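Read the structure below first, then the notes.
Taken together, the values in this text are just the output of simple stated rules run on the coordinates, not laboratory data. Computed from a predicted model, the values in this text were never measured in an experiment. All Cβ positions, glycine included, derive from the backbone under ideal geometry; neighbour counts span all protein chains shown.
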Amino acid sequence: MKQRITLQFAALLMLMMSLPLAAKVSGLPDFTELVEKAGPAVVNIRVTQFGTRAQRPTERSRGQRGEQGPGQPEIPEFFKRYFNVPEGRGNGQPDRSGTGSGFIYEADGYILTNHHVIEDADEIIVRMADRREFEAELIGSDESSDIAVLKIEADGALPFLHLGESESLRPGEWVAAIGSPFNFEQSVTAGIVSAKGRTNRAQQYVPFIQTDVAINRGNSGGPLLNMDGEVVGINSWILSSSGGYIGLSFSIPIEVAVSTAKQLRETGKVERGLLGVIVGAVTREMAEALELDRPVGALVNDTTPDGSADRAGIEPGDVILAFNDSPIETWNDLPPLVGANPPGTKATVRVSREGKEKTFNVTLDALDGDSGEAVADSKSSAQNSNALGLVVENISAERRRELGDPEGGVVITDIESDDAWRAGLRPGDVILMMNNRTVENMDDFETLVKKIEPNKAVALRVWRNGTASFIAYTPRDKDEG
């Protein structure tokens, strides 16, 4: 019996060894066909920023571009940040060059890439996979979305990539990237979608796709492809402490890129709607103080006077829960939803106010230049009073001018509570509201302090350095330490 089992196992082992490798390793995608079809439309982009004529290197010194000499102008920061840039030496400032990626998305030569790839470039050269080179025309560029549109002229139709959609992407889904990391053209990397809706301060209107696809310098502007070979994103930036890939890569959703490109081609600029709010995060304690079931939404710290939100009746202390029926889970969800609409768009905003939901109809204003929708970061400030551990006083006219002319409020002169200090309150802060009730003076403050319940979170609206924001924390009884 034992000998029979041994023979059967040996036969099974021989059968497994005879199977092709693809049959042994099942479930892993094969990207070869995708790359063969998509590769010809992915381009390498070389950019040059010219020095002044008097500073151009001579024929004799053209090959001597090593270290930068003393007294020479500093290299533009965007070249340092995204490219490996050779620095010149000698008495003058030589041309500066860098590389990036892009892709053709229309057969007549329209190309999508990143704004930061071509920013301040005097010459843009596009090289295709078949080694053909073209000087590209910059059609338009938008820093807020990090999108640029180029155009090249060629005899006949060019290979192009089909555009997909990113809305249906799910975390865990396979994606691939093609680009020119460190000028190694047509490099292919693959991975999975890690998350969606990520944000950064530079492009707050872009809900980035996060992946673990290996992206490095030179990949910027290249396509992120789904398994059907469709473009679902444009590779834009990585998060790294070393400057190299560590597993956190971010791509611009193709819907954002297409909308931006359309406006750049039609008008040469991008217009975005403006709600006119400064928003911040809703913490656990803030949610309790504002009578929310959980920390959700975007807390309105302030509104632009006579702006869209102000005209509609939205007030500081409101928590925005939805914009045009799209839920707002965190404050970063709001700017991309607002910015995706042109000025004049009519929209609905659902908020929570004092534990009750209200809906407001707004008409979006126009975003002025590149200032961006005002969005406060989620740093906490503080609150407390006598029972809260704060020493406060009325504000004299002279002191009010020094503080930036806040409307009403009392100023904190000393902080006795460790909880208040840890929350971020500091002497000189002006308390404008307490639990959504206006504080005009000491009488208002003392009345509201008496209503504070022990061990329950309190929300204060605080003025500091010309900006108002909300801070929430839970005052503790003194015997709790």
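Structure notes:
- Summarising the amide proton neighbourhood of residue 103: residues at separation of 5 or more, or on other chains, whose placed amide H is nearer than 5 Å comprise 43, 112.
- Eligible aspartates and glutamates near residue 451 by straight Cα distance, threshold 14 Å, same-chain separation 8 or greater: 443
- Net +/- balance of residues flanking residue 294 in space, Cβ distance below 13 Å, scoring K and R +1, D and E -1: -4
- Extension gain from residue 324 to residue 447, taking 0.36 nm per residue of separation minus the Cα-Cα distance: 40.4 nm
- Coupling constants for the stretch 153-164 follow from the phi torsions by the Karplus curve (6.51 cos²θ - 1.76 cosθ + 1.60, θ = phi - 60°), and in residue order they are 10, 9, 7, x, 6, 10, x, 9, 9, 7, 8, x Hz; glycine and proline get x.
- Note that the stretch 223-232 has calculated 3J(HN,Hα) couplings of x, 9, 10, 7, 6, 8, x, 8, 6, 10 Hz, one per residue in order, obtained from phi through the Karplus relation 6.51 cos²θ - 1.76 cosθ + 1.60 (θ = phi - 60°); glycine and proline are x.
- Taking 0.36 nm per residue of separation and subtracting the current Cα-Cα distance, fully stretching the chain between residue 291 and residue 399 would add 35.5 nm.
- Residue 391 paired with residue 167, simple spin-label distance in nm, labels 7 Å along Cα-to-beta-carbon: 5.9
- Extension gain for the segment residue 228 to residue 48, taken as residue separation times 0.36 nm less the Cα-Cα distance, is 61.3 nm to one decimal.
- Flagged links, alpha-carbon separation over 32 Å, of 262/358; 269/346; 37/196: 262/358
- Amide H partners (placed H, <5 Å) of residue 302, local residues excluded: 278
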